[in-house]
Each structure stands twice: as C-alpha cells, then as structure tokens.
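One structure below.
No value in this document is a laboratory result; all are computed from the given coordinates. Every value quoted in this text rests on a predicted model; they were computed, and no experiment measured them. Here the Cβ is made from the backbone with ideal geometry for all residues, glycine too, and neighbour counts use every protein chain on show.
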Amino acid sequence: MKNILKLLKKINEIHKNFIKKFVIFSLLMGILPLFSIIAPKLIIDEIYGQKRLKIIFIIAFLVLIFDLIRGLVNKLNANLLTESFESFFDVYTFKLSEKAIKLPVEKSDSKTVQDEMEKAHYAIFEIFKIYDLFAITINSTITGIFSLIVLMNLSVFVVLVVLILILLNKKIVKLIKKNELDYQKNDIPKLRAYRFFINFSQDHRYFKDIKIYNGENFILKKSEIFHQKLVKNSSAYYTKNGIYVGLMNVFSNFSILGSLFFLVVKLIEKAISLADFTLYFNSLISLINASKEIQKNYAQVIAFNEQLQSLFDFLNQKEENFDEGKIKKINTEKITIKFDNVCFKYPKSKENILENCSFEIKNGETVALVGKNGAGKSTIVKLLCKFYKPTSGNIYLNGININDIDTKTYYKILSPTFQDFRLFPFRISENISANLLDDITNYQREKMDESFYLLNLKSWIDKLVNKEDTFLTFLFSKNSVEPSGGIGQKLALSRSMVHEGKFFIMDEPTSALDPRSEQEIFEKMLDISKGQTSLFISHRLSSTKYADRIIVCDNKKITENGNHEKLMKDDGLYKKMYLSQAKLYD
C-alpha cells in the first residue's frame, strides 16, 4: 500500500487538493446508495400500514434525487480523475525520459534496465486503475458495513454464511494476485519487443531498405509474432481471471440461495414482515457483492503496488554522476593520455575485451589506432569517454586518473566523433552547437561557418532554404532535409570541431565516405588538430599512415606501436593489413 499512497501524494503535488476531493467523492459514492437499500422496506411498510401516497411519493422522489446526485458526483469524480491522471501521466512520462537520458551508458546498454524502463512505463499506463481500486473499494466498504449492521439485527446465521464465503474466496484471491503478478512479469519483455517493431516500422530512416528488400512482410510478420505472444499472454491471464471470478460468483450465489432460504422460512413463520424481508435481502446482496469486490480489489491492489515499485525504483536509479570527481580545474595547455595496464570486460560478460593494455599519447601527438574488427578499438574510446570504468588498471590525463576528474570538466576537454554517431531531429545549427536556436552565439555561428568551409559543406548548406537553421526531420518543417551518410558524417565532424575540445577522438568518423573524400577529410582534420592531442580510428590504412604514431590492437592487447615506416619494417599485422588494402587500390 505504501507505493499507492506515495502515488496519491505525487498526484496531489501536481493536482492540488486531489486527495481531499477524491476521498469526499468516494465517500459520497458509498453513502448515497444506502438509501436505496432501505427505501423498499419503507415503501412496503407504508403500503401495508397507513397507505399514505404522499409519503410513498416522497420516498420514491428521494431515491430519484439521491440517484441523480450520485450520477453528478460520479461525473465530477470522473472529471477529477481524468484531469489529474492525464497531468500525472504527462509529468511522469517526461520524468522517465529525463531519467533515461541521465543514466550512465553502461546502464542504458543493459537489457535488464531496458525491461525496468518498460515496467515503469507500464505502471504509468495503469494509474487509471486507482478509481477501481480505491473508489469502488471505499463504496463497497461503506455499503458492506451498513449491510452487516442491518443483518446482525436479524440473525448471526446470515453473518456466518457471509464469513464462510469470505474464507472460501480468500484462496481464490491469492490465485488472482498470483495471476496478476505473473501477467506483468511475462508481458513486459514481449511488450517492449512489440513496441520496438511498431516504432521501427514507422521510422522513415528504414523505409528505403524495407521497400527495396521486400521488408514489409518481414517486419509485419515479426510484429505479428510478438503481437500473438502478447495476445496469448493476455488470453491466458483473462481466462484464468474469468475462472477465478466465476468461482467467486458461484460461492456468492450459493450463499445468496442459502440465506434466501433462511429469509423465506422466517417470512413464512411470520418472524419478519415482507418489508423486513426486502430490507434483509437487499442488505444480503449488497454485503456479498461488497465483500467480493473488496477481496478482488485487494488482489489487484497488491499487484498494482508492485507495479508502482518498478516505477519508483527506475526513477531512483543512480544517474550519471557529473560531480563524482573532485578535480574541477585542469590545465589544458598540454594534453597527455596514458593507459596503464587496463583490462576491461562488459557488465554480465565473463570474457575480457581488453587485457593489460598500455600506451601513451603525448601532447600534440596524432595517434592512429588500428586493428581487426572486434579488436577493442571502440571499447578504448568508450573507456576514454568515461562511459565505462576499467575492470582493472587506470587511465590518466596529464598524470591524473580520469575518475578523479569532474565529469563535466572532463567532457569539455574531449571532442569526440563516434562511429555510430547520431544527428538529432532538430536544426543543423542546434545539432552542431547543442543549443536552442535563440541561444546560439555569434561566436558559435562563426565556428560553424569555419567548419563548413573546411569540410566542404558550405555549398551544400547554402542551397538549403534556411541554410544552417534547416531541420533534419520532416516532422517539424516542410523545408527540411535528410542528409546522405557522407554529409551526415561531415556534420558530426563539424559538431566535434565547434565543441573545441583539446583532445580530438575520431572513431571511424569517415566510414561512409569514399576513399578519396576520406583522405581529403583526414588530411584536413590533421591540419585542424595540428598541435592538439588526437586519436583517430580508421579501417582505411591509406589515411592512418599520416599519423605521428600508429598503435595496433589485436587479440585484446596492444601488439605494435610506432610510425608507418617502423611498422612496415616490423613485418607484423599492420604491414599485412596495409598491403592487403593497397592491392585494392592498385
């Protein structure tokens, strides 16, 4: 219950006086129907008694008035819940997105965390259950207590029958609770997979491949597979739930029949009047239905409470700690990088990706990192960017362990361009400056223009209707543009240049360019980064030969280290790779 109470407090923070209004409306919804239970007795008593039509009319009129008031209160309560829940839904959906962005990369990469995120989204969608769980439970409790008091005046026997019913239903309630929890557990991974394929099928970036390779049927079949799994899971859940609720109804009906027989006997024996019979029978039906609703909702309350735990657990996930390091100021006139016996394996993995890697990048030196696919080159970049911490060993910047440096301070020193870079669906200028349009400074505009010239982007930019302020998505503007892979990589390089970090890191940033363009860009980047410490990763060794030094990564280790001429003489992996590629261009 603590999570549900916490949720109500959170809703109350967003929508003032929610709890007060909700409780008042729920109490009224429970109290107003009570008159309908005793009204038939009053009418029958009047018919067999003084036969005053005026009194009968007043009673009937009051039933109608109370029913109208109940309908009005129900409408007000529904409006309150809709408005409050929609506000909560909007606020907490944003909070989930905010939390997801702030998570460390190692958590974002985790399937477990992805499932936890899906559970949190699922919990937000389920908040509309509160009305059923609380309003109906409050109504049923009030009705049940009133009916119990009425029946206790008749006989303890009827009360015992209801208590036996509650005990019989107790076991079923446990089964309903287990069914709810199993449904949630089994549904989440399937729901996440299904949503992925639905979003994937609507992403225009994949349309060309889907059309050319007849991917429509493939995607639809994939979606249908997970959809059928969801349907199967839901069907099993609702079938079981139907059986359990059906059993509760069977027990309820037997209780009603037994109690009805008892009341009929009392009526025949003239121990009670027809009016009393009506009152007791209505009270009996109300009590049995109320106890059934309370027990059924109890099972759902437990399940919903656990759902909310997933929401609050995810929101309490530890974020990227930008203040983790104590050192907030670094002298960046000179930048040196050192890997000292670094070993690393990814979370949940048993095998090291890197083993005892040691190398140094001196101030102002341009180093190329090469190796076969899967050798660990991109992992080295991730470690340099503090996305992961080494399993053992240390990484130093200017002799300082990078884990001791404040992360925001450290990131200002880096200017990385990643192999799997992403351009945001915003304006080009916003992508490059990482600022909203109105916050982009004149200095940033000048640096952008400079990068456009250096990267041969200026002519492409000038052809656009809104120049560098053109959107990279058609979602926001009809004057948008979808850049080619090569243009996209140049824009990513421009972003790196405008950032003005003192340490350039380029992880295969030119892989979408043709060899001539790549060499041209590589040479320009060498000019731009001249005098600055730089690390380049590239598969095309025709470009890396221009680096001051080349480091070869193979079999999880650094196996070669030197300039192009030295490594060609060493007759190692670098020479084999270089000569193999050279044949392709002869």
Report summary line: So for R0 = 30 Å, FRET eff. of L230-F476 from the Cβ-Cβ r, to 0.05, ends up at 0.40
Query - Dipole of the chain, positive end: most advanced residue of L53, V498, A434 [Cβ charges, Cα centre] - result: L53
Query - Length-normalised contact order for the chain - Cα pairs under 8 Å, 6+ apart - percent - result: 15 percent
Report task. Quick one: angle between helix 53-102 and the longest Cα principal axis of the chain, in degrees between 0 and 90, rounded to 10, please. Result -> 10 degrees
Query - Residue-span extension gain [D67 to K557] - 0.36 nm each, minus C-alpha spacing - result: 168.5 nm
Requested in this report: Find how much the distance from L220 to N253 grows on full extension, using 0.36 nm per residue of separation minus their present alpha carbon separation; answer in nm with one decimal.
Outcome: 7.2 nm
Query raised in the report: Which label marks the calculated value of Cα extents along the principal axes in Å, given the options (1) 69, 56, 48; (2) 117, 54, 51; (3) 106, 61, 46?
Result: (2)
Requested in this report: Count the net charge of all other residues whose Cβ sits under 12 Å from the Cβ of E360, scoring Lys and Arg as +1 and Asp and Glu as -1.
Outcome: +1
Query - Amide N of region 447-474 lying under 13 Å from the label point, which is placed 7 angstrom from the Cα of D438 along Cα→Cβ - result: none
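Set the Förster distance to 45 Å, then compute FRET efficiency between K389 and N79 from the Cβ-Cβ distance, nearest 0.05. Spell out each step's value before the answer.
On the way: r = 51 Å, r/R0 = 1.14.
Computed FRET efficiency for K389 and N79 comes out at 0.30.
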**Report entry** Relative contact order (%) - criterion: Cα under 8 Å, at least six apart; region: region 363-511
**Finding:** 31 percent
Query raised in the report: Of the cross-linked pairs K75/K266; K334/K566; K75/K111; K10/K221; K329/K530; K229/K382, which ones have a Cα-Cα span greater than 31 Å in the structure shown?
Result: K75/K266; K75/K111; K10/K221; K229/K382
Query raised in the report: Normalised by the number of residues in region 2-315, what is the relative contact order in percent for Cα pairs under 8 Å and 6+ residues apart?
Result: 33 percent
Requested in this report: Please name which of T409, F18, Y298 has its Cα lying farthest along the dipole of the chain towards the positive end, using unit charges on Cβ (Lys, Arg +1; Asp, Glu -1) and the Cα centre as origin.
Outcome: Y298
Query - Charged-residue dipole, Cβ positions (Lys, Arg, Asp, Glu), the chain about Cα centre, Debye nearest 20 - result: 1520 debye
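Please give the peptides 447-453, 562-568, 115-121 ranked by average Cβ packing (other Cβ atoms within 10 Å per residue), highest first, as a rough proxy for protection.
Details: 447-453: 18.0, 562-568: 15.7, 115-121: 21.0.
My ranking of the peptides, most packed first, is 115-121, 447-453, 562-568.
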Requested in this report: In whole angstrom, note down how far apart the Cα centers of region 547-586 and region 332-349 are.
Outcome: 22 Å
Query raised in the report: Cα axis of helix 515-528 to longest principal axis of the chain: angle in degrees, 0 to 90, nearest 10?
Result: 80 degrees
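Given K408/K557; K95/K377; K185/K292; K119/K350; K412/K557; K21/K296, which pairs have Cα atoms separated by over 32 Å? Could you put the intermediate results ahead of the total?
Details: K408/K557 30 Å; K95/K377 35 Å; K185/K292 26 Å; K119/K350 28 Å; K412/K557 29 Å; K21/K296 25 Å.
Exceeds cut-off: K95/K377.
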Report summary line: Rounded to the nearest 10, the angle in degrees between the Cα long axis of helix 111-125 and the longest principal axis of the Cα atoms of the chain comes to 40 degrees
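How big is the dipole moment of region 2-315 about its Cα centre under a simple scheme where the beta carbon of each Lys and Arg is +1, that of each Asp and Glu is -1, and everything else is neutral? Debye, nearest 20, please.
Values: 41 positive and 27 negative charges, 41 e Å.
Once rounded to the nearest 20, the dipole reads 200 debye.
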